[in-house]
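Every number in this text was worked out from the coordinates using simple rules, so none of it is lab data. Fair warning: this is a prediction, and the values are worked out from it, not measured in the lab. So basically every Cβ, Gly included, is an ideal-geometry build from the backbone, and we count neighbours across all protein chains shown.
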Amino acid sequence: MIEAIIALTVLAAIFGGILGFAAIRYRVEGDPIADQVEQLLPQTQCGQCGHPGCRPYAEAIAKGEAINKCPPGGQETVEKLADLLGVEVPELDASAQEKEKPKSVAFIHEEACIGCTKCIQACPVDAIVGANKQMHTIITKECTGCELCVAPCPTDCIEMRPIAQTSRTWDWQLNKIDIAVIDVASESAKLEEADNA
Amino acid sequence: MRSWLDKIKQGQLWRYQGGVHPATKKDNIDCDKPETLTLAKQLVVPLQQHIGSPAKVCVEVGSTVKTGQALTESRFYQSPPVHAPCCGTVVAIEARPSAHPSGISELAVVIEPSSIQDQNAFMAPLLEAELTPELICERVHQAGISGMGGAGFPAALKISPNKPLDVLIINGAECEPYISSDDCLMRNYAEALLRGVSLLEKALSPKLVIVAVEDDKPEAIKALQAAAGDNIVVRAIPTKYPSGGEKQLVQVLTGRELKAGQLPIDQGILVHNVGTAYAVQRAVDHGEPLISRIVTLAGDHVGEPRNYWVAIGTPVSHLLEQQKLGTHHQAIMGGSMMGFMLPNLASPIVKTANCILVNNTPAQAQEQACIRCGECAQACPMGLLPQQLYWYAKGDDLEKSRSYKLMDCIECGACAYVCPSAIPLVQYYRQTKAKVRAEDLLAHEAERAKQRFDARKLRLEKEQAERKARQKQAAERRLQQAQGAGNDPVKAALQRMQSKQVEIKAIENEQGELVPDNSAAIAARKARKAQARAAKDAKTTNTAVAAALARAKAKREGDNEQSAPAKSDNPAVAAAIARAKAKRNSEQPTEAEGSKPATSANPAVAAAIARAKAKKAQQTDASESDDTAVKPSSSSSNPAVAAAIARAKAKKQAAEQPSANAKDAAVAAAVARAKAKKASQSEQPELERPENAESQTASSANPAVAAAIARAKAKKAQAELQAQDENAAGDAKPAKSSANPAVAAAIARAKAKKMAQEQLQQAQNEHSEDARPVASSDSPVESSDATSPPKRSAAVAKAIAAAKAKQAAKAASSMESDNDE
Amino acid sequence: MTNNLLSSPFIRKPLRTQTLMFWVIVCLLPGFIAQSYYFGIGTLVQVLLASSAALATETATQLLRGRSPAAALADNSALVTAVLLGLALPAYAPWWAAVIGGVFAIAVVKQLYGGLGNNLFNPAMAAYVLLLVSFPVTMTSWIPPQSLLAESLSLSDGLRLIFTGFTRDGFSLLQIASVDGHTLATPLDAVKTGLSQGLMTEEILQGVQFGAIAGHGWQIINLAYLLGGCALLYLKVIRWHLPVAFLVSLIVLGIWGQLFGLTNAAPVSLHLLSGATMLGAFFIITDPVSAATSPRGRMIFAALIALFVYIIRTWGGYPDAVAFSVLLANMCVPMIDHFTKTRVYGYNVEHDDD
């Protein structure tokens, strides 16, 4: 009986020693999880998660914040984060779900722009070109669709426009194409009429 | 051991893994010399028919074009131009359904052919001496030639490789079922084709040229062998699908396998389609750009499957019409292994369209479960595992799809061809590939957004740091000042305030609330501002500003003679107005004008008018103008008038005199100006001085000098006159009775500004009814250029209205929230 | 309105899944006939019993899953499973054995794992193993080939034996299965026990149940299956990798055993032509769903099965080992697949520079 106790104690001591040594010798500075989480976030810096940017939210997640708050990332990002952190996949937060929209970019209606620079100050990625009393315009390629510029505009001249698919970015969803059936006979008859007219 | 090139020359062929043997279905297709298809009623030429970016359009709607005329232009080989396939008129440049499985409309030039097709805008054929690689390359680019085998890579880019070339392969394999356009070309145009090949040879200087044809085309092989010289090898390769694919063809002919991401040129190999070679020959020897191609029309529903020469831009419906096929048929552009169903029969034939199939619409075979038979892996020419790709595609596992090399799939369809469960494998892969590309794009954009965000953060921090530094510096400076001067400026200010013992008065405003009485402060500020403005104007010519304002006003008010001079207190203003009027009526000089100066009480007005007349007289008759100018000057007692006239005369004489004297004249003039200024400061009566000035003018050798003196004196005289007039007019208001002419000028300016503002307000009120809320979002994409003033003011008014509305809304919502609370 | 746009390719090889399965059943016929000849009508009855149980279960499970039973039945896969199971069962096993086996194979091994294409284990073999483990005596009571019996069984006797457990005369299966008073073992069984008793191979092979090469009836049956398998290869329904790898490995192992004089080593010919070797080689291990996917993987899979078969036959407790070996190898398939991915064009290219 006593041998068993001694044996187990000795084993515990050995393994505890190994673990302690490893904890000190192989300690990792900083929180690599925050970096990894940040890699997965969409970088729109929109603040819809409640944090001022993607990096603060990544750090919050590393500290245990819910991972389902990012609308631009959508459910895909939630799943990726769950995979990384080894937790169950929650559904996208109810408020975040409402905000999920197709990817859009901002557009300024120039006839209503008064050059107040409020939107320029709001844009987190500096995607608006302009200066005081000069025309403002959006650099479409850099716009992340975060919508932070829409509210500050005093003349409500900024509008979000969804990005249209081109033949090069088409998603190959065949069943979403409308077939245009043209009746060759009637079409050519029409053209002939136009010719003769 | 034979060298690799020798092995190839001696006919060694290699094999590639996978591949299938579908029925070729080419037996009943007519491959004789193809007939040229008639022109359709409208030709739709898409701007982009190649891999790369579209070139710039260089025609307009309504312009007439000739056959072969360039519709777009670009000097970059990545953007080959497109050309008009016929004579006609450009009826539109707009988005039209493209030759793409998505049916998404893309920008195209729509041409209506004219009834007579006689003219062409071909380039001059290249001479023998001009057949250098650079010129051939340039010609290929100008002819808009891109790969005609289906990929559409700009040919000029593939003819200027800047790397040594071992083997040039001309791809005549045409491995897909039904397609026989290349077969037709090789059979009937072998010589021209081989001439094109030799041109490519000239441009690229390869060590070996091989024309590869599958062995199910014996006639084509015979024709090519008969026409080929000794330096071009015509090689028959075993019929297997997809031997016509670039990677597979390279492997069959040379045994070389390209590394992932490598181009064939990296191993000294280049592949061009036979159609491209033929097009090169047409471009170089005939100057003809790529405006037509051979297209096979085949399929179960086609009575006589055959080939046609079709103009680029012909709608597919027109081609179908040739064989009386209606629109209820489903047309496939391309072969039956890699083609795509056309969602819209109005899609045009483009440079890469080699076949139109009209088959029985295959019953959508019921997709069954995958039984993991592995036939797909046996068939895949790229060595992929289509089964695994299928599982991962179905499960949307993009990472696993990538690791199983989904992006290396060439979408040949061999896997789906053999699948016993009728699974549309290629469709799954295409969708997943699109998702992978989208994910990559998203990652790239996220990276960029992060970079910009970080850069912005840095910039804001830097600005903040600078601001803090500046504040610190200012504080230190203040401290130093305090220490040096012995007093703290802040403290001094405070003391000043205390000493003043300003009493804070309170008055009631309209709403009955008590507000501080700032009237004294406001009045003091007003006075300070007026002073500052006056001081500023003392430096500049206050009369000029007022005159300008008056001119503008006169322009806006139109021909209201009486009002302008009567309202204006400022003789200069009146003079300006009169000048403007005189200019306007300059075409009909009347005697009334001449008499006006005499009758006008205002000497300045008279002077202005005289100046204007003098100027005009200068333009017409030199000698007469002098006389006319002199006369009023002698009769007028007005010194200013005389001075003006003298100025004009002097200017004219100065203009006549050669410029050699100009510099001396300028110096003398400056000296005279200074003297005059000094003289004017003395107490001599002004009325006489101008006379003296005039006499001085007459006596002075240099008219310019005299003019300057006169100007200076006149200015002073004017100022005094102004003051007199001001006093004479005698405005009641105490603020205006100041003896200081500057102040008076300032006041006049202020009044003018106020009038201008009132007018602007009027204009705004007129336009405010048009102002609609900015919330409407159906405005066109192009931004409206609000350049004209009424539009601008309208826009401003709209903006203001929108801002007000927004504020009101905010207030309302805040009130509501207050109420809720 | 929905469009009927399809994606390329627009032509297909005419071979469909149901055709594949159909040809498998057709090529089983030679073996089936041979087996019926040697073991009586029981073979057919077992096949019929198993088939009806399997098809009924398939219909029931499809309905439970909310899918169309017609589509599932049309692809013949349940039928193939049932036929294989029926052929594997002893000819006069009681009727409930076939039924339980059929139900288990379809409902549990196939449908519960996800239906056609998703099952991890070979359904026929898993059902066989279930029966073998649960009812060992019943499953090993192979009646000797008719020619060896004192009195051959008539049709009605056979049916009565299967459905009631007793012949008209009241004999049970065990009683029928004895020759000269003692139960006759299957050839493999005899070899094993004989070798363990220290007999020489030649002596054992003199036993009554042995024919010219191998077991009396079994050699012909196996040859018949070999013929059917070759037909399958010719029709390109299956590829050569699996059968060839299996047989070659078995031969190699047999030779190795004989060379090194293992105590229990049976001759190679016995291995090849006894028991379910040929049936397994061409019809059982070639079940595409549970086999490995890439050609290299399949050869490793087949070799693994051969290894297990040899080990169990030589040292294991059961006389025939194809079923167990197949199941063990099925378990290894995910790992085999992972390590035998094909080389994709363009990657890991070995360049011979000229």
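List of remarks:
- Remark: spin-label model distance B:Arg470-B:Lys56 equals 4.2 nm, labels positioned 7 Å along the Cα→Cβ axis.
- Among B:48-59, B:395-406, the peptide with the highest mean count of other Cβ atoms within 10 Å heads the list, and the full ranking is B:48-59, B:395-406.
- Pairs from the table (B:Lys158/B:Lys259; C:Lys110/C:Lys236; A:Lys176/B:Lys806; B:Lys222/B:Lys259; B:Lys26/B:Lys405) lying more than 28 angstrom apart at Cα are A:Lys176/B:Lys806; B:Lys222/B:Lys259; B:Lys26/B:Lys405.
- Across segment A:31-100, counting alpha-carbon atoms alone, Rg and Dmax equal 10.6, 32 Å.
- Calculated from backbone phi, Karplus (6.51, -1.76, 1.60) coupling profile of segment B:181-192 in Hz, x at Gly/Pro: 5, 5, 4, 4, 5, 5, 5, 9, 10, 4, 5, 4
- Relative counts (whole %) of C-alpha pair distances in segment B:298-393, using bins that are 10 Å wide: 13, 38, 22, 21, 5
- Placed amide H near B:Thr72: partners under 5 Å, 5+ positions off or other chain: B:Cys58, B:Val82
- When the chymotrypsin sites (Phe, Trp or Tyr not before Pro) in segment B:75-155 are filtered for DSSP coil states and for at most 13 other beta-carbon atoms within 10 Å of their beta-carbon, the remaining sites are B:Phe76.
- With distances taken between every two different alpha-carbon atoms, segment B:4-336 has a Kirkwood hydrodynamic radius of 20.5 Å.
- Footprinting exposure proxy for C:Ser249, C:Ser294, B:Ser205 (fewest neighbouring C-beta atoms within 10 Å first): B:Ser205, C:Ser249, C:Ser294
- Evaluating 6.51 cos²θ - 1.76 cosθ + 1.60 at θ = phi - 60° for every residue in segment A:47-52, the Karplus couplings come out as x, 6, 7, x, 10, x Hz, glycine and proline recorded as x.
- Pairs over the 27 Å Cα-Cα cut-off, from the set B:Lys555/B:Lys804; A:Lys118/B:Lys810; A:Lys103/B:Lys400; B:Lys207/B:Lys351: B:Lys555/B:Lys804; B:Lys207/B:Lys351.
- Counting Cβ atoms of other protein chains within 10 Å of each residue's Cβ and taking the mean over peptide B:373-381 gives 5.
- The three principal axes of the C-alpha atoms in segment A:104-162 carry coordinate ranges of 26, 17, 17 Å, sorted with the longest axis first.
- Per-residue 3J(HN,Hα) values for segment A:116-127, derived from phi via the Karplus relation 6.51 cos²θ - 1.76 cosθ + 1.60 with θ = phi - 60°, read 8, 6, 5, 5, 5, 5, 7, 5, x, 10, 6, 9 Hz in sequence order (x marks Gly and Pro).
- Tail beyond 19 Å, pair distance distribution of segment B:148-250 (Cα, percent): 42
- B:Arg96 long-range amide H proximity, modeled H, under 5 Å: B:Glu106, B:Leu107, B:Ala108
- Additional length obtainable on full extension of the chain from C:Ala74 to C:Tyr113, 0.36 nm per residue less Cα span: 12.1 nm
- A cut-off of 5 Å between modelled amide H atoms, ignoring neighbours fewer than 5 places along the same chain, links B:Thr89 with B:Val65, B:Glu112, B:Ser114.
- Inter-site label distance for C:Ser52 and B:Gln12 at 7 Å from Cα along Cβ, in nm: 6.6
- Annotation for segment C:246-306: chymotrypsin sites (Phe, Trp or Tyr not before Pro) lying in DSSP loop with at most 13 further Cβ atoms inside 10 Å of their Cβ are C:Phe260.
- With Cα atoms defining each centre, segment B:51-115 and segment B:248-263 are spaced 36 Å apart in the structure.
- Highest to lowest packing among B:260-266, B:459-465, B:35-41, scored as the average C-beta count within 10 Å: B:35-41, B:260-266, B:459-465
- Debye-sum result for segment B:365-488 in log10 I(q)/I(0), which assumes one identical scatterer on each alpha carbon, at q = 0.11 Å⁻¹: -0.55
- Peptide A:33-42 has a mean of 2 when you count, residue by residue, the C-beta atoms of other protein chains within 10 Å of its C-beta.
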